[in-house]
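The values are calculated or read from the model by the stated rules, or taken from the named source; none is laboratory data. The structure presented is a predicted model; accordingly, all values stated were derived computationally and were not measured. Note: ideal-geometry Cβ built from the backbone for every residue, glycine included; neighbour counts use all protein chains shown.
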Amino acid sequence: MRLIFITLLALALATVVGLGSTYMTATRGTDLGTLTIGAWTARPKSGTADVDPYSRALIARSGELPIGTGDGIAFSATTDDKKKPLDGRCDVVVSGVTPAARFWTLTLFDRKGHLVANSLQRYGFTSQEIVRGSDGAFEIRVAARSRAGNWLPTGGIERYALMLRLYDTPVGVATRTQRDAPMPSIATVNCP
């Protein structure tokens, strides 16, 4: 009787651990095959047949349509360069340059992957509409209140994510460092 009880307890424990770890990887993803440069993270293989099973499950669960390897790459950031979570009540500055790309977009999403509602209905910027300095660098202010220049409204939400999509770019699986792909910096500059 004791042997049966221990066996059933071990099976129950294994089931809970297995289902729990599967749920965690399917909702939060893994670091398998990720490319991290500063605060930006990408999964270059997510648009290929070589995608790992955990990323495949995350894509299926979210309904996301990943960018194919030949088309470009998508980077996301949920923290600034100092690992502080992006807070919609604070002013965050995204500045610098992007890696070489024919076209890029920077979009603001809530933590569930939806566009952040705001009265201006401005959800992001493209490389074609951004105001740049004479050296080609740009500065985008992500804040709840109106700012001069390139301003992206947060609507005051507590947490958000930025998505930088680079189209027709050499950045991909072989990229490893900031030198290979100069990513914009993310800094929290004013937080009440």
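Within the stretch 64-90, how many residues are part of a loop (DSSP other than H, G, I, E, B), at pLDDT 90 or above and hydroxyl-bearing (Ser, Thr, Tyr)?
1
Which of the residues spanning the stretch 138-164 are modelled with pLDDT under 90 and closer than 26 Å to ARG102 by Cα?
Passing the criteria: only GLY149.
Please work out if ARG147 is within 20 Å of VAL189 (Cβ to Cβ), part of a loop (DSSP other than H, G, I, E, B), in contact with a Lys or Arg (Cβ under 9 Å, 6 or more places away or on another chain) and among the charged types (D, E, K, R).
It is true that ARG147 is within 20 Å of VAL189 (Cβ to Cβ), part of a loop (DSSP other than H, G, I, E, B), in contact with a Lys or Arg (Cβ under 9 Å, 6 or more places away or on another chain) and among the charged types (D, E, K, R).
Go through (1) assigned to a strand (DSSP E or B); (2) in contact with a Phe, Trp or Tyr (Cβ under 9 Å, 6 or more places away or on another chain) for VAL93 and report which single condition fails.
Here VAL93 meets the rest and fails (2).
Got a number for residues in the stretch 111-140 being in a strand (DSSP E or B) and either of a type in the set (Lys, Arg) or in contact with a helix residue (DSSP H, G or I) (Cβ under 6 Å, 6 or more places away or on another chain) (or both)?
Residues meeting the conditions: 1.
Just one of the numbered conditions (1) in contact (Cβ under 8 Å) with a residue 24 or more places away in the chain; (2) part of a loop (DSSP other than H, G, I, E, B); (3) not basic (Lys, Arg) is not true of LEU108; which one?
Every listed condition holds for LEU108 apart from (2).
Is it fair to say LEU152 is in contact with a Gly (Cβ under 9 Å, 6 or more places away or on another chain), in a strand (DSSP E or B) and farther than 21 Å from THR36 by Cα?
Taking the combined requirement at face value, the residue satisfies it.
Within the group LEU86, LEU108, LEU162, which residue is hydrophobic (A, V, I, L, M, F, W, C) and within 17 Å of CYS191 (Cα to Cα)? Steps first, answer last, please.
On the way: LEU108 fails: within 17 Å of CYS191 (Cα to Cα); LEU162 fails: within 17 Å of CYS191 (Cα to Cα).
On inspection, the qualifying residue turns out to be LEU86.
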